[in-house]
Amino acid sequence: LVNNGYRVAMLFDHDNFVRTPASCGATTCYDDSLLVLIFLVSGSLPLLLSLRITTTWMSLPWTAGLYAIFSVSGIGPLSFVHHMCVLAMYTSLAVLLFLGVYRIEYDLRHRWLDNLMLRVEMASDRAQASLQEERLREVEERLAALAGHSEVDLGTRANSRIGGNRSVRPIDSDIAGAGGVCTVPRPLAHSSAGGTSTSSTAGTTTTSTPESIPNARLVAAMAGRSTDLRRLSNMVEQIRSPSYGLRQFFEDCIATFPELTLFFALGDEEDSSSSGNSASVEYQRTIGALFAVYWLLRLEGDGKRGFCFGYDEQWHCRPRPEAPNKRRVKFYDDMDWACVDGVVRDGLCNSAERIQAMLCLTAFHDIMKVQALCPRVAAAHAPYHGYQAGEVVGDHDLALAYVLEHHPNLLPSFAALPPGSRAVILFTQSKMHFNHGWFVQAEAPPGPMLQQFKAVLSKATRSDLAFYFMHWLTDLSGAEGRPLAGAEKFTLRFPLSVLTSFLWSIPYLQKLAKQSESSVVETYLEARHRTVFPDIPLPRGDSAIALLRLVVMAQSGARYISQAFSRLTPQAQEVLAVELARTGIPDQSFARSPQHGGPALYVYYGPALLQHCSSAEEMEFALCTLSAVYSTARHFWPTSLERAGESVVIEGGALKANGSAIVSTGSSLDGKVMILEHKSAMEATVKLISIPELNRMMAEGSPFRAVELPNGSPWNMQAMRTGV
């Protein structure tokens, strides 16, 4: 510091510094000494400033004060410009040094924290891998025993090496914050709740021969597992309590339902599912569905906020966002919560047993998406919904139903329920062949849409149907696989109007127990028309049902239907009036527009074509196309009274994919031709193909017909302009 101060002083006052003491006056010597002293003091500032940031503001007035004292005392003021320049130079140096040291310390601290978190995460992963390996060794031992036809003790080796209290990995280390990962920890290989509570244990089937075992891996994975009924009862009692938080509910689910471990029972060997997602994703979706049950039972408290906004990394319900235009906020404000609450009340009937049944069903309803767990049909149960003896049931819903019907003890949560709760769960797994979207959009005739559904309902009650719809609602709520983010499938992905229509239609479906399929559909269509057009009377005549269905199919474009239909040619109007009024059920017809004979035709994705329309002209164009498709299909399936109970589906994916170009008279069709290809005895497909592809199909003798639209229709005019 002395050396630096001396060198800088020489730069500013070289003449005084090169003099000898004998040749200089006292004042000059004092000036030289003062200059050196000032530089020594200011030169020490970098060292002081690099230690504490507060010294920056203390040293500047101190140095300035020292300079003033020396000047006033008469020691001999130096050039003010000299002192200020030097002081500014050293102060700047001090600030730069401090910032450099502070930045280095900041980086070191964060690197140390990152390293520490990485070591903790690696240790947790190693522990989890060790537990999974231990479980896999046990599974392999049991499989080897089964393969050798030896006696297998499925109840005594219930993961004795793993403590009952270690049910989940540490939650805080698995949950990321806002905008990050919104998943939950997976269960450990064993999640028993302890040996003191009442439980139902799996693995108690009376036979152990390989022929009688539906799936050896499922048997081994569930061996000795139990459901803690006491903890399950406590969950039901506390689930509406303000003090019962989501985190406690999650931990109770992991400890209560052993079926949740099935998603990971096979490790990474079988990490795929029939849905195309990994088993880990299906587990997250299942937890999301369980959270939806929790939220829907707390609608009067924090359930709405949790459903819409989700939870943070501390498992606290997120507050309502400030921005009013966000989709989550819009869903929260516009959703018909009274309708949702009605479905919950009708489905659960405020019964503890039905709430238990809903939680149990939600916990295991998707486990058969892990294809390695699907059962094989035994000879005694064959044929089972088309599956013969020895065949693996690939449909995950049917696979679960097979296990529930013939091997209920393999799923301890189901085995622990009373007979009434088992019955309602079996009802939800029945093969109903019911597409709710068809009903809501009036997409199909009553026969293919409701006939099988009504047959299943004959064995159920009104509350059982509401239970089924609540299960559908919670299942779809968790479909995004991000449980802590709320019900994103509905709040961000699903159109609110469609969801409202789904919920609004449920009371009409419940009338199927006492009314015919056609009567229920007609009542629903009339109610929807009154909702859309409260001041317009219901249509009458032969085209009444066609107009009612088209209004429901068009959704937001319903206001164009009447005008567009009136502008169609008489032939096109007649085709739509007849085809849309067929029921597909023998001895049934609509009261407003009775039609007989069959088979009934329906265009899959027909509503999607109408929903592309934004004007009456485009709607007219879409109705022309729909009429032409029906007319072309009648060449393959002529009308006959003997086939009144049959239905034919026309796959209209091309109408949906190219809807905007099809309905717009100004859009180019790229030289393509619309055809209807005959696929099977009950199926056809609409296609838009090029001329070379058309020639190829003709050369191969493929069964198809070109779709002929009425003369003068906009599509024909567009086709003429494009040279087709």
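The values are calculated or read from the model by the stated rules, or taken from the named source; none is laboratory data. Just so it is clear, the model here is predicted, and its values are computed rather than measured. Ideal geometry is used to build each Cβ from the backbone, glycine not excepted, and the neighbour counts take in all protein chains shown. Remember, those area values only see protein heavy atoms, side chains included, never the ligands or the DNA or RNA. Shrake-Rupley method; radii C 1.70, N 1.55, O 1.52, S 1.80 Å.
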(message) Need one value: the accessible area of E282 in square angstrom, 1.4 angstrom probe, rounded to the nearest 10.
(response) 0
(message) Need the full-extension length gain, L538 to L641, defined as separation in residues times 0.36 nm minus the C-alpha distance. One decimal, nm.
(response) 34.2 nm
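Using mean Cβ contacts within 10 Å as the protection proxy, how do 498-508, 107-117 order, highest first?
Numbers: 498-508: 18.0, 107-117: 10.1.
Final packing ranking: 498-508, 107-117.
Under a 1.4 Å probe, what is the accessible area of region 494-534 per residue, stated in Å²?
Numbers: 1680 Å² over 41 residues.
Using a 1.4 Å probe on heavy atoms only, each residue of region 494-534 averages 41 Å².
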(request) Please express the shape of region 530-674 as an equivalent ellipsoid: the semi-axes are the square roots of 5 times the eigenvalues of the C-alpha gyration tensor, given largest first in whole angstrom. (result) 24, 20, 12
(request) Give the cross-link partners of K369 among the lysines, using a straight C-alpha distance below 25 Å as the criterion and excluding same-chain residues fewer than 8 apart. (result) K431, K489
(request) Give me the distance in nm between label points sitting 7 Å out from Cα along the Cα-to-Cβ direction at E134 and L96, one decimal. (result) 6.0
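Can you quote the Å³ per residue value for the convex hull of the Cα atoms in region 493-536, rounded to an integer?
On the way: hull volume 3.4 nm³, N = 44.
With only Cα atoms used, region 493-536 gives 77 Å³ per residue.
For region 450-559, what is the convex hull volume of the alpha-carbon atoms per residue, in Å³? Could you put the intermediate results ahead of the total?
Details: hull volume 13.9 nm³, N = 110.
Value for region 450-559: 127 Å³ per residue.
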(message) Under a crude label model (7 Å from the Cα following the beta-carbon direction), how far is S660 from E353 in nanometres?
(response) 5.5
(request) Order the peptides 218-224, 554-560, 510-516 from the highest to the lowest mean number of other Cβ atoms within 10 Å of their residues. (result) 218-224, 554-560, 510-516
(message) Within region 558-580, name every residue whose backbone N is under 15 Å away from a label modeled 7 Å from Cα of R705 along the Cβ vector.
(response) 572, 575-576, 579
(request) Mind giving me the FRET efficiency for H678 and R462? R0 is 45 Å, r the Cβ-Cβ distance, nearest 0.05 is fine. (result) 0.60
(request) Report P(r) for region 302-414: all Cα-Cα distances, bin width 5 Å, range 0 to the bin holding the largest distance, values in whole percent. (result) 2, 10, 14, 13, 12, 12, 12, 10, 7, 6, 2, 1, 0
(request) Tally up the carbon and sulfur contribution to the accessible surface of region 369-528 as a whole percent, 1.4 Å probe, everything protein left in place. (result) 51
